[in-house]
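The values are calculated or read from the model by the stated rules, or taken from the named source; none is laboratory data. Computed from a predicted structure; not experimentally measured. Cβ placement follows ideal geometry from the backbone for every residue including glycine, while neighbour counts extend to all protein chains displayed. With ligands, DNA and RNA removed, areas are computed over all heavy atoms of the protein, side chains included. Shrake-Rupley method; radii C 1.70, N 1.55, O 1.52, S 1.80 Å.
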Amino acid sequence: MSEGPDEASDPDPGWRPFTVPNLISLARLGCLPWFVWLVFGAEDRWAAALLLGALGATDWVDGWVARRFDQVSELGKILDPTADRLLLLVALVVMIVDGSLPLWIAVLALFREGVVAIAALVLGALGARKIDVTWWGKTGTFLMMFAVPFFLAGHSDIAAADAFGIGAWIFVAVGLPIHYWSAAGYIPQAFDAVREGRAGRVSG
């Protein structure tokens, strides 16, 4: 989970690259080639679904470790949501090619991620301060990160494939609206971030 504004007691925790949460985020990213190989190389959708589900579950581990053991870092605030987005992006593209995910769901999810990424670049160019990931943003990503492997498992050859398919639609029905709701919630924060970022440059 991302290290949000209510999770850091130190207003300036520093970059601190060599922390356990950062290593967890890097490990999650390192598993992406393995996921791609499981889908296209081994053609084992069930194993790929299990791996993707595990990577989604560990999304909450790094945040807990950061808070519990005082390992919040500025790098973690960037690395963790970046890992979230890359995991979701790769999973969506792989499953579009694989045919195990409805195209309209992938398009809506990718569109949201694209808008957020472009907005982050624009805000950075405008000199805005960094916007921390919100609880709603993390929840939406978490639900989508479970919807995707459930769709994958639903297209596998295991006995419970139909049950996973139903679960996938439940996750999407809840997660996709939250995903968009959280994106809308960043709009007022974006205006504040630009104003505060410019004010900081003037005072500096």
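Look at the stretch 42-60 and say how many of its residues are more than 18 Å from the chain's Cα centre (by Cα) and open to solvent by less than 50 Å² (accessible area, probe 1.4 Å). Talk me through it step by step, then tell me what you get.
Taking the stretch 42-60 and keeping what is more than 18 Å from the chain's Cα centre (by Cα), we get 42-47.
With open to solvent by less than 50 Å² (accessible area, probe 1.4 Å) added as a condition, the list becomes 42, 47.
Number of matching residues: 2.
Considering only the stretch 28-60, state which residues are modelled with pLDDT of 85 or more and not in a helix (DSSP H, G or I).
First, pick out the residues of the stretch 28-60 that are modelled with pLDDT of 85 or more: 28-55.
Cys31, Ala42, Glu43, Asp44, listed by residue number.
Pick from the stretch 118-145 the residues that are of a type in the set (Gly, Ala, Ser) and either within 24 Å of Pro177 (Cβ to Cβ) or within 19 Å of the chain's Cα centre (by Cα) (or both): which of them is most open to solvent (accessible area, probe 1.4 Å)?
Of all residues in the stretch 118-145, those of a type in the set (Gly, Ala, Ser) come to 119-120, 124-125, 127-128, 137, 140.
Going one step further and asking which of them are either within 24 Å of Pro177 (Cβ to Cβ) or within 19 Å of the chain's Cα centre (by Cα) (or both), we end up with 119-120, 137, 140.
Working: Ala119: 44, Ala120: 61, Gly137: 3, Gly140: 0 Å².
My answer is Ala120.
In the stretch 97-112, which residue that is in a helix (DSSP H, G or I) and of a type outside the set (A, V, I, L, M, F, W, C) is least open to solvent (accessible area, probe 1.4 Å)?
Residues of the stretch 97-112 that are in a helix (DSSP H, G or I), as a first pass: 97-98, 103-112.
Then keep just the ones that are of a type outside the set (A, V, I, L, M, F, W, C); that gives 98, 112.
On the way: Asp98: 35, Arg112: 10 Å².
Only one residue fits best here, namely Arg112.
Run down Val174, Val148, Val115 and say which single residue is open to solvent by 20 Å² or more (accessible area, probe 1.4 Å) and at pLDDT below 95. Before the answer, list the steps.
Working: Val174 fails: at pLDDT below 95; Val148 fails: open to solvent by 20 Å² or more (accessible area, probe 1.4 Å).
Among Val174, Val148, Val115, only Val115 is open to solvent by 20 Å² or more (accessible area, probe 1.4 Å) and at pLDDT below 95.
Taking only the stretch 151-171 into account, find how many residues are open to solvent by 30 Å² or more (accessible area, probe 1.4 Å), closer than 18 Å to Leu51 by Cα and either in contact with a helix residue (DSSP H, G or I) (Cβ under 7 Å, 6 or more places away or on another chain) or free of Cβ contacts under 8 Å to residues at least 60 places away in the same chain (or both).
Looking only at the stretch 151-171, we keep the residues that are open to solvent by 30 Å² or more (accessible area, probe 1.4 Å), and these are 155, 157-160, 162-164, 166, 169-171.
This time we only want the ones that are closer than 18 Å to Leu51 by Cα, so: 155, 157-158, 160, 164, 171.
Within this subset, residues satisfying the condition of being either in contact with a helix residue (DSSP H, G or I) (Cβ under 7 Å, 6 or more places away or on another chain) or free of Cβ contacts under 8 Å to residues at least 60 places away in the same chain (or both) are 155, 158, 160, 164, 171.
Selection size over the stretch 151-171: 5.
Can you tell me which of Ile166, Ile131 is part of a helix (DSSP H, G or I) and of a type in the set (Val, Ile, Thr)? Write out each step before concluding.
Details: Ile131 fails: part of a helix (DSSP H, G or I).
Unique residue meeting the criteria: Ile166.
Determine if the stretch 180-194 includes at least one residue that is surrounded by 20 or more Cβ atoms within 10 Å (Cβ to Cβ) and not in a helix (DSSP H, G or I).
Within the stretch 180-194 (the criterion being surrounded by 20 or more Cβ atoms within 10 Å (Cβ to Cβ) and not in a helix (DSSP H, G or I)), the answer is no, since none of the residues qualifies.
Every residue, every condition in (1) open to solvent by less than 40 Å² (accessible area, probe 1.4 Å); (2) at pLDDT 85 or above; (3) not in a loop (DSSP other than H, G, I, E, B), yes or no:
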{"position": "Pro11", "(1), (2), (3)": "no, no, no"}
{"position": "Leu26", "(1), (2), (3)": "no, yes, yes"}
{"position": "Asp62", "(1), (2), (3)": "yes, no, yes"}
{"position": "Ala66", "(1), (2), (3)": "yes, no, yes"}
{"position": "Gly76", "(1), (2), (3)": "yes, no, yes"}
{"position": "Met95", "(1), (2), (3)": "yes, yes, yes"}
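Going by what's in this entry, would Ala83 be described as in contact with a Lys or Arg (Cβ under 6 Å, 6 or more places away or on another chain), aliphatic (A, V, I, L, M) and in contact (Cβ under 8 Å) with a residue 40 or more places away in the chain? Outline the logic, then answer.
Numbers: in contact with a Lys or Arg (Cβ under 6 Å, 6 or more places away or on another chain): yes; aliphatic (A, V, I, L, M): yes; in contact (Cβ under 8 Å) with a residue 40 or more places away in the chain: yes.
Here the answer is yes, as Ala83 does meet what is asked.
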